[in-house]
Amino acid sequence: MRGLMMNQPLSITSLIRYAAQYHANTEIVSRTVEGSIHRYNYGAAYARIRQLAHALGELGVAPGDRIATLAWNGYRHFELYFAISGVGAVCHTVNPRLFPPQIEYILNHAEDKYVFADLTFIPLLEQLAPRLKAKGYVVMTERERMPTATLPNLICYEELIADRPTTYDWPMLDEWTASSLCYTSGTTGNPKGVLYSHRSTILHTFSINQADSLALTARDSVMPVVPLFHVNAWGIPYAATMAGSKLVFPGPHLDPVSLYDLIEQEQVTMTAGVPTIWLKLLEYLDQTGKRFSSLERLLSGGSAVPISMISAFEEKHGTRVCHAWGMTELSPVGTCGTFKAAQLKLPDEVRYRYQASQGRAVFGVELKIVDVNGDELPHDGRAFGDLLVRGPWVTSAYFENEEATKAAFDSDGWFRTGDVVSIDPEGWVRIVDRTKDLIKSGGEWISSIDLENAAVGHPDVLEAAAIAIPHPTWQERPLLIVVAKPGARLNREEMLGYLRTKVASWWVPDDVVFVPELPHTATGKLLKSKLREQFRDYKLKSA
């Protein structure tokens, strides 16, 4: 027997329509590429989104067509999110920080019909255009700023939507219709495409807006520092629109001064991004003595969050830090700590360990850990193994990539994440490492993540990475690569002495190397493959 409920499909369009109806006057603020501030509200945004929908139709965009964006976090990019998906096409956000050959591969593999780009990326597209399949290019600017570019079929965004009707009859799409497309960062091999649906996106949005996840409300001012080209900015543009939150887009200006000024100017209450951004911001705050007047909550993801960062934000600024874990293949959120962890009646040291974990599974995502034979392991907080997931916003296949799809799932259809984790009886997940980053010493595993977190706890350390170096006796031993804070006089002996008080004796690295900076992926994660290549012939000293 079927329930007697309306068959109203879940649709991304419903989010912006709701916001425009019930939060029409709530602001959307953007710092533009040029550095100026643009302001409008959900009501005005929805009018322009409908104009853009008309324009897409006149360009010949058909259901299922992929439309690429190469753009920063800003109001025009926000408009593309809703207009492209709303007409039944696929919004394909491309990460411009990838290497040009990867961007070329992605644009051609997706067979994007049009590419919408900020002014910043026109030179890049001019370089790639002779080898791209795209039919035309739209520059996300006004007529007076249009470049004299050599791109074929070059269109000005503001001219494209000007004088179009501000009403639009949205199609009633099946909720399984593809809505957006993101590619993995491709640290090994070609990037892989993950194709989301309207259904998966709305369900993901409901889940991350739960009280123990992002908990966004109409009273929040939300600044996604995580780029809109990185897994849909972790779903925050959709979640904020559903909640009617004020949105603040920083554009390309992600330096500590610009971020702090925007947080204070727009009274941001919640922000999100990768730890490297927040560590630099903390350093700036320490140097200047500045404090936040509004920032209540900070979501961090992409790589492990040091306890020292969590405690500094909370104790110095009253800002609660929440750690989340996810992947492009999970839309992306799979687990999330709770901002309420700061209210747990536990000693600070214990509570911070909870906040530094990856949190617990959000509703809708199932987790299991397995050993090398595929046998399921207990959630006892001690056993660790490969993490597998499934759920309604977890990918079921890679876009047009049968080989990668076959390797990504077990025989029961669970997705292999590539992470090694433990899960305690209450469901708290702790990532031990990526499978390829674990250090095996004398038959025992050392977590590079835990070593890095311990190292960053030193007051003179800005960033650290631990990698495995071959050893004739122990198979592998850790090498610690450190970026010291400006002006610090940290040396090898002091660093090793500090670590001896923080980790097991056999975890202490055999050597420490100081470098001016560490390599990162296009999404801000430590690029350990490059470090392993750089130090492959390194001869360890004895710790």
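Can you send over the carbon and sulfur percentage of the accessible area for the chain, probe radius 1.4 Å, protein chains only? Before the final figure, lay out the partial values.
Values: 11470 of 22750 Å².
Carbon-and-sulfur percentage of accessible area, whole number: 50.
Provide, as a two-decimal number, the C-alpha radius of gyration of segment 415-531 over 2.2 N^0.38 Å, N being how many residues it has.
On the way: Rg = 14.6 Å, N = 117, 2.2 N^0.38 = 13.4 Å.
For segment 415-531, the normalised Cα radius of gyration comes out at 1.08.
Hey, how many Å between the Cα centroid of segment 1-69 and the Cα centroid of segment 357-400?
33 Å
Compute the angle between helix 13-22 and the longest alpha-carbon principal axis of the chain, please, reported from 0 to 90 degrees and rounded to the nearest 10.
Here the helix axis deviates by roughly 80 degrees.
In vacuo Debye scattering of segment 47-181, one point per C-alpha: log10 I(q)/I(0) at q = 0.13, 0.19, 0.20 Å⁻¹?
-0.50, -1.09, -1.20
Under 1.5 on a/c is rounded, so check that first for segment 61-124, then, if it is not, pick prolate when a/b is larger than b/c and oblate when it is not; a ≥ b ≥ c are the square roots of the alpha carbon gyration tensor eigenvalues.
Details: a/c = 2.38, a/b = 1.25, b/c = 1.90.
In terms of gyration-tensor shape, oblate.
Indicate, rounded to the nearest 5 percent, the antiparallel portion of the DSSP beta bridges found entirely in the chain. Present the calculation step by step, with values, prior to reporting the outcome.
Numbers: 47 of 84 bridges.
If I count the DSSP bridges inside the chain, around 55 percent turn out antiparallel.
Filter the GluC sites (Glu not before Pro) in segment 136-192 to those in DSSP coil with at most 15 other Cβ atoms within 10 Å of their Cβ, and list the result. Don't jump to the answer; show the numbers that get you there.
On the way: sites: Glu142, Glu144, Glu158, Glu159, Glu175; in loops: Glu142, Glu175.
Answer in residue order: Glu142.
Taking the Cα centre of segment 464-506 as origin and charging only Cβ (+1 Lys, Arg; -1 Asp, Glu), how large is the dipole, in debye to the nearest 20? If you can, show how the numbers build up before the last one.
Numbers: 6 positive and 3 negative charges, 29 e Å.
I would put it at about 140 debye.
So how tilted is helix 100-110 from the main axis of the chain? Cα-based, degrees 0 to 90, rounded to 10.
Roughly 50 degrees, rounded to the nearest 10.
Given the pairs Lys345/Lys440; Lys192/Lys316; Lys135/Lys525; Lys192/Lys290; Lys368/Lys528; Lys440/Lys530, which are separated by over 31 angstrom at their Cα positions?
Details: Lys345/Lys440 37 Å; Lys192/Lys316 41 Å; Lys135/Lys525 33 Å; Lys192/Lys290 42 Å; Lys368/Lys528 26 Å; Lys440/Lys530 19 Å.
From the list (Lys345/Lys440; Lys192/Lys316; Lys135/Lys525; Lys192/Lys290; Lys368/Lys528; Lys440/Lys530), the Cα-Cα distance tops 31 Å for Lys345/Lys440; Lys192/Lys316; Lys135/Lys525; Lys192/Lys290.
Using Cα-Cα distances under 8 Å and only pairs 6 or more residues apart, what relative contact order does the chain have, in percent? Don't jump to the answer; show the numbers that get you there.
Details: 1137 pairs, mean separation 56.6, N = 543.
So the answer I get is 10 percent.
Running Debye on segment 486-543 with equal point scatterers at the Cα sites and no solvent, what base-10 log of I(q)/I(0) appears at q = 0.13, 0.28 Å⁻¹?
-0.45, -1.13
What are the chymotrypsin sites (Phe, Trp or Tyr not before Pro) within segment 108-191 that DSSP puts in a loop, where the Cβ has at most 15 other Cβ atoms within 10 Å?
Values: sites: Tyr114, Phe116, Phe121, Tyr137, Tyr157, Tyr168, Trp176, Tyr183; in loops: Tyr168, Trp176.
Those that pass, being in a loop and sparsely packed, are Trp176.
Looking at the square roots a ≥ b ≥ c of the eigenvalues of the Cα gyration tensor of segment 209-323, which shape do they give, rounded for a/c under 1.5, prolate if a/b is larger than b/c, or oblate?
Numbers: a/c = 1.43, a/b = 1.38, b/c = 1.04.
Rounded, because the longest to shortest axis ratio a/c is under 1.5.
To test your reading of the geometry: what angle, between 0 and 90 degrees and rounded to tens, separates the Cα axis of helix 307-317 from the longest principal axis of the chain?
60 degrees
With unit charges on the beta carbon (Lys/Arg positive, Asp/Glu negative), name the residue among Tyr114, Ala83, Leu98 whose Cα is farthest towards the positive pole of the charge dipole of segment 1-116.
Ala83
Work from the charge dipole of segment 467-530 (Cβ charges, +1 for Lys and Arg, -1 for Asp and Glu, about the Cα centre) and give the residue of Ala488, His520, Trp507 farthest towards its positive end.
Of the listed residues, the answer is His520.
Under a point-charge model restricted to the Cβ atoms of Lys and Arg (+1) and Asp and Glu (-1), what is the dipole moment magnitude of segment 383-508 relative to its Cα centre, in debye to the nearest 20? Walk me through the numbers on the way to the answer.
Values: 13 positive and 19 negative charges, 94 e Å.
Roughly 460 debye, rounded to the nearest 20.
Between segment 202-223 and segment 408-439, what is the separation of their alpha carbon centroids in Å?
What the calculation gives is 26 Å, centre to centre.
Compute the Cα gyration tensor for segment 323-462, then decide on rounded, prolate or oblate, letting a ≥ b ≥ c be the square roots of its eigenvalues: rounded whenever a/c is under 1.5, prolate when a/b is larger than b/c in the other cases, and oblate in all that remain.
prolate
Dipole magnitude of the chain about its Cα centre, charges +1 at Lys/Arg Cβ and -1 at Asp/Glu Cβ only, in debye to the nearest 20? Spell out each step's value before the answer.
Working: 53 positive and 61 negative charges, 73 e Å.
So the dipole magnitude of the chain works out to roughly 360 debye.
Hey, can you find the accessible area per residue of the chain for me, probe 1.4 Å, expressed in square angstrom? Numbers along the way, then the final one.
Values: 22750 Å² over 543 residues.
Here the residues of the chain average 42 Å² of exposed surface.
Using square roots of five times the C-alpha gyration tensor eigenvalues, list the equivalent-ellipsoid semi-axes of segment 354-394 in whole Å, biggest first. Intermediate results must be reported in sequence, preceding the final value.
Details: eigenvalues 67, 50, 11 Å².
So the three semi-axes of segment 354-394 are 18, 16, 7 Å.
When only alpha-carbon atoms count, how far does segment 168-231 stretch along each of its three principal axes, as whole angstroms with the largest first?
43, 33, 23
The values are calculated or read from the model by the stated rules, or taken from the named source; none is laboratory data. These numbers come from a predicted model, not from an experiment. Reconstructed Cβ throughout: ideal geometry from the backbone, glycine too, with neighbour counts over all protein chains shown. In case anyone asks, the SASA skips ligands and DNA or RNA and just uses the protein heavy atoms, side chains included. Shrake-Rupley method; radii C 1.70, N 1.55, O 1.52, S 1.80 Å.
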